[in-house]
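Here the structure comes first, spelled out in structure tokens, and everything after it is commentary.
Any read-out appearing in this document is the output of simple, stated calculations on the displayed coordinates, not a laboratory observation. Owing to the predicted nature of the structure, the values given are computational and were not obtained by experimental measurement.
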Amino acid sequence: MEADVTIDAKGRLVIPGGIDPHTHMELPFGGTTASDDFRTGTIAAAHGGTTTINRLCGPVQRRVTFTGVDNWHQKAEGKCAIDYGFHLITTELEDRQIEEMYTVMDEGVTSFKMFMAYPGVFWWTTPRSFARCRPQVNGAA
């Protein structure tokens, strides 16, 4: 394929675009909201060499609900200057939510956040929840 412009990179460092794994586009948190939306935040990221962001998504009504991912896709749709994904917050992990977690993983969610600080969002059931996150081998934990 013929290029319009050829850049001689001999003697220069050429690196791929960066990935920001934890962003707060339009995030309401702690009584405030992030000033960047998906448009302004991803344009700024692109100017800095970032080509992908992972947007932190909080729980609905202080409990695990992964079904809200569609709402975040709608907020991002048509606004992003770069690629994006979601990093979901969880404050508890009950048996009924495991299937829901796998569903959003099948839809492309690649990571989850568990707070271990901050009053009001600390995951009080941490030891039990860690056990639930253990890989399953032949149906046994």
Practice problem: Would you pull out the residues with amide H under 5 Å of Cys57's amide H, same chain only if 5 or more places away, H placed 1.01 Å from N? | Solution: His87, Leu88, Ile89
Exercise. Any chance you could run the full-extension gain for Lys10 through Tyr102? It's 0.36 nm times the residue separation minus the Cα-Cα distance, nm to one decimal.
Key: 28.5 nm
